[in-house]
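First up is the structure itself, then whatever we jot down about it.
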Amino acid sequence: MRNRIITIAIAIGVVSIVNSQNYKFGKVSKEELKEVLNPMDSTANATILYSNEKIHYEYNVDDGFLKYKEVHKRIKIYNKEGLEWAVKELTLYNKSSSNKELLTDLKAVTYNLESEKIEETKLRKNGVFEEEVNDYWKKIKFSLPNVKEGSVIEYRYKITSPFTLSIDDVELQETIPIKRIDCRIAIPEYFNFKAYYNPKSTFLPEMKTSSKKESKHVSWTEQTYGLGGKKTKYEKDLEYKVVIKEVNEVNVPALKDEAYASNLEVYKSKFSFELLSTKSFNYNFTSYSDDWDSVTKYIYDNQYFGGQLEKESYYKEDLEILLKQVNTDQEKIAFIFNFVKNKVKWNGNLGYYTDKGVKKAYKEGVGNVADINLILISMLRFVNISANPVLISTKSNGIPLYPTRKGFNYVVCGIELNNQVILLDASGKYNTINIIDEELINWQGRIVREHGSSAWVNINPKKNSIYTCMIEVQLNDDLVFEGKLRTQQKDYLAYNYRKKYAGLAKDDLIRAITSGKAELEVRNLEVLNENNLSKPIMVSYDFDYQGSVEEIGDDLYLAPLLFFTETKNIFNSNERNYPVDFVFPKTNKTIINMDIPEGYKVKSLPNNIKLMMSDNLGVYSFIVKSTGRKLQIFQDFAMNTPIVPVNYYKELQKIYSTFIEKNAEKIVLEKI
């Protein structure tokens, strides 16, 4: 009871301090600079002392409505790990001088306390960097100067945007605590947005809604269509309603990372806006997406999406020549997939609309994701394969939880066959049929069929990717293990290996294998099928290993899994907030055949065990057998689902604890 009273008292004290704080830009206090930790979260590397975001629309006669976003943040840095918060990166649309976003009013200051005096270091122009990402986007990055442990940093800026039909997500939570946050979004009645909270967040602040009246002198032009159509200009004084949504919160908890928690953005507290309709000054209404079928139809009907699928003349002659010796549908799919991968290289840009258009991308041999995969879909349709686009949201883009065009930022090819959807992404060098990048494995995608219907498809891998390790080893008289190892990796495990190690020099690969294993020496390393994507990765090498054995008196204590012994339980927390995301189901099998030295026999072996989770989500087995001077150790650990829900966490924790315990047990040999 006493601890509860103390906690409440601290919370009340913190709220009082927050409410009395001066948040005007530049009014940093000595108390903020002297703070050494967040009293509500002592583990935080930094704290956002104040966050203010305002979004509003302003009308002018020349441009009509423009959208303005104003941001002000004040951040306390506690330690070296918190220094990353002193770097800020903004992405702005930059298509043309008349169709781009502008950054203005940037001001940033670092505050340090020196001999009880607050010293300010201002951001200068040479601390601001601009980078052209592609034809559409640019990045502006600034790094605050003279930042160190104990600093307080503060910055503000304004972004002016002509894109009034969309509003970026308003984020209400970060991976560090926020002491106070104020957000205000003011939208004229001519833009009808629906606001959504992220339902996966555990922190749901109150949103207050109000309205006010504004008056403007407006002008617009209307054109009469048809023969003899003409433009007519209208002007009038107009009073209209502005809808205001506000959030004001104190002591927002940090979004805490957890092992295998996938992308924390999915669980971040935020509210999002989706445009439902607009109206003109003379009350002409235009409706936008309000369900997923409307969203997908809007995307498909765009000339840079569905319109590209209708083009075929640019590849028709090439394809007819190349496919003369290809007969079955399976052969056609594999051939066209590999042809597109080699013909058009990815330029690094995402999106479901084409950058260059499929014809130009095919001719130049380079394009964005949509250019490449829409070419693939069109070619497959040309040879009568029922291929359709599958819209996907990458993990960094979040999960589309409500109907919105912003919910997707990627497109792949989907072939519906035997009640399953086969996924193909021709933009990745190491992608194969049904193997796409892990960044795309984000719950589900939306397939958009040629005749206009659409449906959700589960894009989580269903087949276990298998790693098999075979070791033949003997323990020599000098207590050194000498042996040969062979591994085989399939599907996603092979894909990940290729992405990480393909092309690596042999010496560098040996260094990677022996990293953290000082007692391990590797020789005669061989890797097979590195570039043959249809086959598993095969790795073999000979080794000497001087670890994993301890001599106590006349007995030898052996670690049965040698240099594969696991000692750290990644699921040691008693609480779990988010599902465990393994990305894909996997099976890890290790088989070790060991010869024991002359003059020794088995004194004791670890007990064999097999442990299963409910619904066969996971299985762990550990078996040791002894026959004469030979030992066989068998370990099999399978997670048969890519995602383990929170309600299974205790079972997962138990199976991992057992795994670590069995790794720690010893085989004991005694002298004969």
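The values are calculated or read from the model by the stated rules, or taken from the named source; none is laboratory data. Every value quoted in this text rests on a predicted model; they were computed, and no experiment measured them. As a convention, Cβ positions derive from the backbone with ideal geometry for all residues, glycine included, and neighbour counts pool all protein chains shown. Just the protein is used for accessible areas: all its heavy atoms, side chains included, with ligands, DNA and RNA removed. Shrake-Rupley method; radii C 1.70, N 1.55, O 1.52, S 1.80 Å.
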key: In the stretch 460-515, the residues that are in a helix (DSSP H, G or I), charged (D, E, K, R) and closer than 30 Å to LEU424 by Cα   = ASP491, ARG498, LYS499, LYS500
ask   = For the subset of the stretch 180-214 comprising residues that are over 20 Å from LEU264 (Cβ atoms) and not in a strand (DSSP E or B), which member is most open to solvent (accessible area, probe 1.4 Å)?
value = GLU206
query = Quick one: in the stretch 439-486, which of the residues that are among the polar types (S, T, N, Q) and exposed (fewer than 14 other Cβ atoms within 10 Å of the Cβ) is nearest to the chain's Cα centre (by Cα)?
reply = ASN458
Filtered residue count, the stretch 122-149, keeping only those that are open to solvent by 20 Å² or more (accessible area, probe 1.4 Å) and more than 30 Å from LYS356 (Cβ to Cβ) = 12
note = The strands (runs of 3 or more DSSP E) lying entirely within the stretch 36-121 that contain at least 1 residues which are aromatic (Phe, Trp, Tyr) and open to solvent by less than 20 Å² (accessible area, probe 1.4 Å) are 46-60, 102-114
task = Among the numbered conditions (1) among the basic types (Lys, Arg); (2) within 20 Å of PHE25 (Cα to Cα); (3) at pLDDT 95 or above, tell me where LYS141 comes up short.
result = (2)
task = Go through the stretch 631-662 residue by residue and tally those that are closer than 21 Å to ALA261 by Cα and part of a strand (DSSP E or B).
result = 5
request  = Identify all residues within the stretch 274-320 that are part of a loop (DSSP other than H, G, I, E, B), aromatic (Phe, Trp, Tyr) and farther than 30 Å from MET379 by Cβ; write none if there are none.
outcome  = PHE281, TYR283, TYR288
query = Among the candidates GLU519, GLU575, which residue alone is touching a Phe, Trp or Tyr at 6+ places or on another chain (Cβ under 8 Å), more than 24 Å from ASP636 (Cα to Cα) and surrounded by fewer than 16 Cβ atoms within 10 Å (Cβ to Cβ)?
reply = GLU519
Residue within the stretch 266-289 that is open to solvent by less than 50 Å² (accessible area, probe 1.4 Å), under 30 Å from ASN574 (Cα atoms) and either touching a Lys or Arg at 6+ places or on another chain (Cβ under 7 Å) or at pLDDT below 85 (or both) present = yes
message = Tell me yes or no: at least one residue of the stretch 99-121 is closer than 30 Å to SER215 by Cα and touching a Leu at 6+ places or on another chain (Cβ under 6 Å).
response = yes
message = List pairs: first residue in the stretch 588-600 and at pLDDT 95 or above, second residue surrounded by fewer than 19 Cβ atoms within 10 Å (Cβ to Cβ) and among the aromatic types (Phe, Trp, Tyr) anywhere in the structure, Cβ distance under 6 angstrom, at least six positions apart or on different chains.
response = ILE591/PHE634
note = Among residues of the stretch 593-630 being open to solvent by 70 Å² or more (accessible area, probe 1.4 Å) and closer than 30 Å to ALA261 by Cβ, the residue farthest from the chain's Cα centre (by Cα) is LYS610
key: Which listed residue is among the charged types (D, E, K, R) and open to solvent by 60 Å² or more (accessible area, probe 1.4 Å), from LYS395, LYS343, LYS332   = LYS343
ask   = Of everything in the stretch 429-438 that's open to solvent by less than 30 Å² (accessible area, probe 1.4 Å) and in a loop (DSSP other than H, G, I, E, B), which residue is farthest from ALA261 (Cα to Cα)?
value = ASN431
Members of the stretch 398-428 found to be of a type in the set (Gly, Ala, Ser), open to solvent by less than 10 Å² (accessible area, probe 1.4 Å) and modelled with pLDDT of 90 or more, listed by number = GLY414, ALA426
request  = Among the candidates LEU144, LEU123, single out the residue that is over 16 Å from GLU84 (Cβ atoms) and not polar (S, T, N, Q).
outcome  = LEU123
request  = Please work out which one of (1) open to solvent by 80 Å² or more (accessible area, probe 1.4 Å); (2) modelled with pLDDT of 85 or more is the condition TYR225 fails and give its number.
outcome  = (2)
remark   = Scanning the stretch 522-571 for residues that are of a type in the set (Asp, Glu), more than 33 Å from the chain's Cα centre (by Cα) and open to solvent by less than 60 Å² (accessible area, probe 1.4 Å), the one farthest from ILE667 (Cα to Cα) turns out to be ASP542
